[in-house]
Amino acid sequence: VVIIWLQTGIVMAANGPAWQACIVDLVESSDLPTAIALNSTQFNLSRVAGPSIAGVLLALIGAAGCFFINSLSFLAGVGALFVIQPRPAKPKVETTSVWARLRVGLAYTLNQPMLRPLIVLTSVRTIFGMTYALLMPVMAQNVLGQNAGGYGAMMSATGVGAIIGSLAVASWGNLIPRGRLLIGAELAFSASVVGFSLSRSFLLSLV
């Protein structure tokens, strides 16, 4: 399981930035905020619908069947890549290696007072906080005594929370300073993870 998650993380680390960068080549600059919002919305909606469907399928066809159907679902994304026609990008002549460019990008990030704390916050949350998803099956079955349906509901709850968070940022982003909003969200997330680890109530765990 650890090896599978490691491989998944490596693929996501490569796919995430590439996909985010691709959005810029798909729409005009004036439509970019809308495109980013739509991309975030479809991602969070999939986090709600996917686990709900998986919970039902897990009980019907087992884990292997769920993985098979999930792999088939990616064919739609692969097909879309053949249909999408991004705007032609200007060719760039790179005279340095990939590692050299990575070092330059890292040095730039560390030297920017605005980006440095954001990178630190994201790294700490990802390494020490987001790994709760790995323990979700154990929490669902061994701690809360739930079946596949309960596990699916718990995973869907994370998607619902993400959508609520997106709407909150969209609503309050111009009323509350972004820095304070970010710190408040990080503290709330940390408290939620601690509370989830201590919870022995299924309904409370969903919240």
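Tabulated data for the structure shown
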| quantity | calculated |
| --- | --- |
| Qualifying residue in the stretch 110-133 (condition: at pLDDT below 85, in contact with a Phe, Trp or Tyr (Cβ under 7 Å, 6 or more places away or on another chain), under 26 Å from L58 (Cβ atoms) and open to solvent by 40 Å² or more (accessible area, probe 1.4 Å)) | yes |
| Unique residue being of a type outside the set (A, V, I, L, M) and at pLDDT 90 or above when the list is S171, S201, S166, S156 | S201 |
| Matching entry among L175, L181, L167 (being assigned to a helix (DSSP H, G or I) and open to solvent by 60 Å² or more (accessible area, probe 1.4 Å)) | L167 |
| Qualifying residues in the stretch 96-109 (those that are β-branched (V, I, T) and in a helix (DSSP H, G or I)) - the one surrounded by the fewest Cβ atoms within 10 Å (Cβ to Cβ) | V98 |
| Residues (outside any helix (DSSP H, G or I) and surrounded by 12 or more Cβ atoms within 10 Å (Cβ to Cβ)) located in the stretch 19-39 | D25, L26, V27 |
| Filtered residue count, the stretch 125-144, keeping only those that are outside any helix (DSSP H, G or I), free of Cβ contacts under 8 Å to residues at least 24 places away in the same chain and closer than 14 Å to L206 by Cβ | 0 |
| Positions within the stretch 1-12 being assigned to a helix (DSSP H, G or I) and open to solvent by 70 Å² or more (accessible area, probe 1.4 Å), in sequence order | V2, I3, I4, W5, L6, Q7, I10, V11, M12 |
| Pair list, Cβ < 8 Å and 6+ apart or interchain, from the stretch 64-76 residues that are under 12 Å from A54 (Cβ atoms) to residues that are surrounded by 10 or more Cβ atoms within 10 Å (Cβ to Cβ) and not acidic (D, E) | G65/L57; C66/A54; C66/L57; C66/L58; I69/L57; I69/I61; N70/A54 |
| Filter pass, A153 being surrounded by 13 or more Cβ atoms within 10 Å (Cβ to Cβ) and assigned to a helix (DSSP H, G or I) | yes |
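The values are calculated or read from the model by the stated rules, or taken from the named source; none is laboratory data. Bear in mind that the values here come from a model prediction, so they are computed numbers and not experimental data. For neighbour counting, all protein chains shown are included, and Cβ atoms are generated from backbone atoms with ideal geometry for every residue, glycine included. Side chains included, ligands, DNA and RNA excluded: accessible areas come from the protein's heavy atoms. Shrake-Rupley method; radii C 1.70, N 1.55, O 1.52, S 1.80 Å.
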